[in-house]
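Student: Structure in structure tokens, see below.
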Amino acid sequence: MESIPLTADELIDQLAEQYPEVIYDPGQDRDEFLLKSGERRLVLLLLTRRRLDLEESREGRS
């Protein structure tokens with residue numbers, strides 16, 4: 001049984017592992033590819049937002 005993430009950072013890291021980058025394969029079901037690429041885009045948005053939040057918090061302490 002997987003452990004439940006305790007923080008947003010842990011959840012984002014877990015999602016990044018579960019939804020890796022996808023590469024289009026013409027032999028693959030197109031709808032499945034679109035679903036996986038959408039999941040990955042969401043993870044990338046979360047990673048970017050986390051990075052921006054960290055940068056903002058560091059600038060606020062300066």
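Student: Computed over the Cα atoms, what is the radius of gyration of the chain divided by 2.2 N^0.38 Å, N being its residue count?
Tutor: 1.45
Student: Same structure, new question: Which length gain, in nm to one decimal place, applies between Leu45 and Ile4 when the Cα-Cα distance is subtracted from 0.36 nm times their residue separation? Write out the running numbers ahead of the final one.
Tutor: Details: separation 41, 0.36 × 41 = 14.76 nm, distance 2.13 nm.
In short, 12.6 nm is gained.
Student: If you don't mind, another one. Angle, helix 30-61 long axis vs. longest principal axis of the chain, Cα atoms, 0 to 90°, nearest 10?
Tutor: Between the helix axis and the principal axis of the chain, the angle is about 10 degrees.
Student: In degrees from 0 to 90, rounded to the nearest 10, what is the angle of the helix 8-18 Cα long axis to the longest principal axis of the chain?
Tutor: On a 0 to 90 degree scale, this one is about 20.
Student: Send over a whole-number figure in Å² for the accessible area per residue of the chain, probe 1.4 Å.
Tutor: On the way: 5340 Å² over 62 residues.
Here the residues of the chain average 86 Å² of exposed surface.
Student: Continuing with this model, one more query. Carbon and sulfur together cover what percent of the accessible area of the chain at a 1.4 Å probe radius?
Tutor: 56 percent
Student: Within the chain, which is the longest segment that contains none of the GluC sites (Glu not before Pro) sitting in a DSSP loop with at most 15 other Cβ atoms within 10 Å?
Tutor: Between exposed loop sites, the widest span is 22-62.
The values are calculated or read from the model by the stated rules, or taken from the named source; none is laboratory data. Being a predicted model, the structure only gives us computed values, none of them experimental. Here Cβ is always computed from backbone atoms with ideal geometry, including for glycine, and neighbour counts include all displayed protein chains. Note: areas computed on protein heavy atoms with side chains; ligands, DNA, RNA excluded. Shrake-Rupley method; radii C 1.70, N 1.55, O 1.52, S 1.80 Å.
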